[in-house]
Each structure stands twice: as C-alpha cells, then as structure tokens.
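Please treat every number below as a calculation from the coordinates, not as lab data. Treat the numbers as computed from the prediction; the structure is a model and nothing was measured. FYI the Cβ positions are ideal-geometry reconstructions off the backbone, even for glycines, and counts take in every protein chain you see.
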Amino acid sequence: METMQELFYRDPYAREFSATVTACREGKKGFEVVLSDTAFYPEGGGQPSDEGTLGDAKVTFVKRIGSEVVHYTDKPLEVGSTVTGKLDWDRRFDNMQNHTCEHIFSGLVHQKYKFENVGFHMDPDDITVDFSGEIPMEAISELEKLVNQAITQNIDLKIEFPSEEVLQAMEYRSKKELHGVVRIVTVPGCDRCACCGTHVRRSGEIGMFKILDASKHRGGTRVRFVAGERARRDYDWRVKEIAKVSALFSAKPNEIAKAAENFIEEGKVNDQKTAQRPD
C-alpha cells in the first residue's frame, strides 16, 4: 500500500472495511497486525490513533512504522485471511472535528500575528496549542469569534499533493522544510498547512469552538480549547457542576461566584470572632 494513499486518506469517512491480513507478529503491546489497506488512522501529527475492532480482535493502538501501518490487537489474526475492520467512529469524528478546528484557529492566529504553531496536543477532553508569540489576552475572545464565523460559513476543505515545483512556490504553514510527497490541507480564507491528519469535508461539520483558557508559556502563548462533540461534552459537565454549586449556595447560576465570596468572607468574620473569645 502506497504511503499517504491508505483508505483513511482516500475516504476519511469510512467506518467499516474489509482487508487482507499481510502480517501478524506478537510484540510487547499485543499482536502487531499489518493489512493490505486500512481505514485506521495511525498516531501522528498530534492526532491520536484510531481504535476499534478487526474481526473479533480489539484494536487498541495504531502506529506507522516505516511504510507499514501497524495495528496493535489483543488477539492474533491469520495471515492471508480477510477481516472486517470497524472504527470507533465517535472517537474518529471527534478527532477530525478538533483537528480541522485547530487548523482554522492556528491559521487565523498566523494571519493576524504571524505566530507559528509550535506545539499541538490532543487530549481526550481538550486540545492544547502553543504559539511562538504572545497573543494579547484581550484578543482571545475576538479570535474565538472569528473561528466560529469560519465554522458557520461551512467552507469546503481542499486536500492536495502538489508537485515539488508547485510546493516550493506555495505559501503554507509547516514546522519544517518539506520535500517529496507532501499533503497540503487548505481551509480557504483561513489556513493552508502541511498535514498528515484526517479532517472533516466542510468547516460546518465542526459545530462550535470554545477557548477554555489562554496563558503565557515559554515566551509564547498556550491556548486550550474544545470543538465539536468535545465542546458539547465540556459544556454538559460544566452545566451539571454549576447546578450543584448553585444548589449548595441557594443562588442563581450567574450569582454563584458572589455567593462563594460572601461565604468566604462570613467564614473569615466568624474565625476572627472565635479567635477573640477569652478561653
């Protein structure tokens, strides 16, 4: 299978597929299975690997080793057999939404401030991006607004493999100089970046984008955000926790901070009164 022409690139929306087992060996992390083709994305470019099943074997991790995409499974698979692969689609689509949103966000930051994305990490609950310069904290909400505007515009993404000559003349974001087969992902009006990850077809599929916090970090800025289904999950738990605190203080949700301040102040007053009492 030619690198960068695997099924997860040709059709990132493929949830189920059939392929031939070309290799299976036992390793330290389980059985290492190689297929004739695969929809399982291997960890790379800041994006976690896919999970799912191959037949009745569970796929726990996927990694590219050389030209091979290796699937780590909990059971061996017979070489030469045909197996059906099924992705954990919720996990995959969640990663696609957030990875595409990161491109839009990083592209807009680069357009406005010329800062580079020097670090990108996708945790199960949120995304962290490090930029090479200090973004003014007062500009964070405006950047959030611009990203959400790009989402509502439902922009079609463009993915291409430019020739070496075209690539040399092209302006695009990349952490290093690239040669050979390079995959360029473009969100028109927002970003053009060299990327090996999977993405949604249109920006509208992201749904929403929310910055959780931003802070100075090693001479630059670290931003933590959520998008898509991850944003809905984040909003869900925050609403539940706010409701609990609201009930504890018998205060409206938009008044719990003030109620907490009053509670702390009352505690300090009571502590002072106790300290002043004679033994």
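List of remarks:
- Assigned charges on the beta-carbon of Lys, Arg, Asp, Glu; the stretch 7-87 dipole about Cα centre (debye): 140
- Going from the residue with the fewest nearby Cβ atoms within 10 Å to the one with the most, TRP89, TRP237 rank TRP237, TRP89.
- Among 34-45, 62-73, the order from most to least packed when residues are scored by Cβ within 10 Å on average: 34-45, 62-73
- When the chain is described by a simple charge dipole with +1 on each Lys and Arg Cβ and -1 on each Asp and Glu Cβ, the residue from THR221, GLN5, LEU35 located farthest towards its positive end is THR221.
- Taking a Cβ cut-off of under 15 Å around SER246, the surrounding Lys, Arg, Asp and Glu residues balance to a net charge of +2, with basic ones at +1 and acidic ones at -1.
- Summing Cβ point charges (Lys, Arg +1; Asp, Glu -1) relative to the Cα centre of the stretch 1-148 gives a dipole of roughly 360 debye.
- Principal axis box of the stretch 92-233, alpha-carbon based, largest edge first, Å: 40, 33, 26
- Peptide ranges 11-18, 193-200, 81-88 listed from the most packed, as the mean C-beta count within 10 angstrom indicates: 193-200, 81-88, 11-18
- Cα extents of the chain along the three principal axes, largest first (Å): 86, 48, 33
- Relative contact order of the stretch 7-87, defined on C-alpha pairs under 8 angstrom at six or more residues apart (%): 37
- Point-charge dipole on Cβ atoms (K/R +1, D/E -1) for the chain, about Cα centre, debye to 20: 460
- Peptides 47-60, 159-172 ordered by packing proxy, namely the average of other Cβ atoms within 10 Å per residue, highest first: 47-60, 159-172.
- Panel note: the C-alpha atoms of the stretch 7-87, placed on their principal axes, show extents of 27, 25, 21 Å (largest first).
- Whole-number percent relative contact order across the chain, with pairs defined as alpha carbons under 8 Å at least 6 apart: 16
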